[in-house]
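In what follows, a structure is listed as structure tokens, so that the remarks can point back to it.
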Amino acid sequence: MRLLLNRLYAASGVAAAVCLGSICVLMLAQAAAREAGILIRGADDISAWLCAASAFLALAHTFRRGELIRVGLWVERLGEAARRRAEIIALLLATLCTGYMSWAIVRFVYESWKFNEVAQGLIKIPIWIPQSAVALGIVILLIAVLDELVTVLRGGMPAYQAAEDARRQSGDFSEML
């Protein structure tokens, strides 16, 4: 199960990177086409969709690597038992928030599909298609938060803490800047 979940988080991160790379390629193509007097219709729409997809698909990967913004200053000053309780409370709250966001976004995408909503820009496609990447990203984040909650409840160290500790041991204090 661990291997499957780690692959899911890594695949989500790779998908986010592909979206970012696609934005770069699209913007470069648009700049080159403009010099040649060619208009790439819908490039702005596609870039916006890819931007949203990259942001949400990257969430689980960055969360597990300890690269999302967290308020660790307070938690790090606590003793072992108090820190564990604080982590559990934080992860429970994160599960509730992420669970609600997942439900709301998936419902939103479903309603877009159900009512055959079409994008308002130059590219007339069903809007649920680009919205699906956002829904997928938030659902994968929910899985990652639940994964960390189960790990902490079992007495283990969360992956984001292990990643932070590994960076500090290697002398990388860049997250503190």
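Can you work out the accessible area per residue across segment 1-126, with the rest of the protein chains kept in place, probe 1.4 Å, in square angstrom?
Roughly 67 Å² per residue, with all protein chains present.
Can you classify segment 27-82 as rounded, prolate or oblate using the Cα gyration tensor, where a ≥ b ≥ c are the square roots of its eigenvalues, rounded means a/c under 1.5, and otherwise it's prolate if a/b beats b/c and oblate if not?
Judged from the Cα gyration tensor, segment 27-82 comes out prolate (a/c at least 1.5, a/b above b/c).
Would you kindly state how much longer the chain becomes between residue 27 and residue 163 on full extension, computed as 0.36 nm times their sequence separation minus their alpha carbon distance, in nm to one decimal?
45.6 nm
Give the average over all directions of the projected area of the C-alpha convex hull of segment 74-126, one decimal, in nm².
5.6 nm²
Using 0.36 nm times the number of residues separating residue 84 and residue 129, minus their current alpha carbon distance, what extension gain do you get?
My answer for the length gained is 12.2 nm.
Within the accessible area of the chain, what % is carbon and sulfur when the probe is 1.4 Å and the other protein chains stay in place?
The C+S portion of the solvent-accessible surface of the chain is 69 percent.
With each run of n ≥ 4 DSSP H residues scored as -39500 (n - 2.57), what mean residue ellipticity at 222 nm is computed for the chain after dividing by its residue count and rounding to the nearest 500 deg cm²/dmol?
-25500 deg cm²/dmol
Restricting the calculation to Cα positions, tell me the Rg (one decimal) and the Dmax (whole number) of segment 129-172 in Å.
Taking only Cα atoms of segment 129-172, I get Rg and Dmax of 14.4, 43 Å.
I'd like the FRET efficiency for residue 68 and residue 36, computed as 1/(1 + (r/R0)^6) with the beta carbon distance as r and R0 of 41 Å, rounded to 0.05.
0.50
Test of understanding: given the chain, find the longest segment containing no chymotrypsin sites (Phe, Trp or Tyr not before Pro) that are in a DSSP loop and have at most 15 other Cβ atoms within 10 Å.
Segment 1-114 is the longest.
About its Cα centre, what dipole magnitude does the chain give when the only charges are +1 on Lys and Arg Cβ and -1 on Asp and Glu Cβ, stated in debye to the nearest 20?
320 debye
Where Rh is the Kirkwood radius over the Cα pairs of the chain, the temperature 10 °C and the viscosity 1.306 mPa s, what D in µm²/s does Stokes-Einstein return?
Here the translational diffusion coefficient equals 86 µm²/s.
Compute the relative contact order of the chain as a whole-number percentage, counting only Cα pairs closer than 8 Å that sit 6 or more residues apart in sequence.
Contact order relative to length: 29 percent.
The values are calculated or read from the model by the stated rules, or taken from the named source; none is laboratory data. Source: prediction; values computed, not measured. We place every Cβ from the backbone using ideal geometry, glycine too, and count neighbours over all the protein chains shown. These area figures cover heavy atoms from the full protein model, side chains too; ligands, DNA and RNA do not enter into them. Shrake-Rupley method; radii C 1.70, N 1.55, O 1.52, S 1.80 Å.
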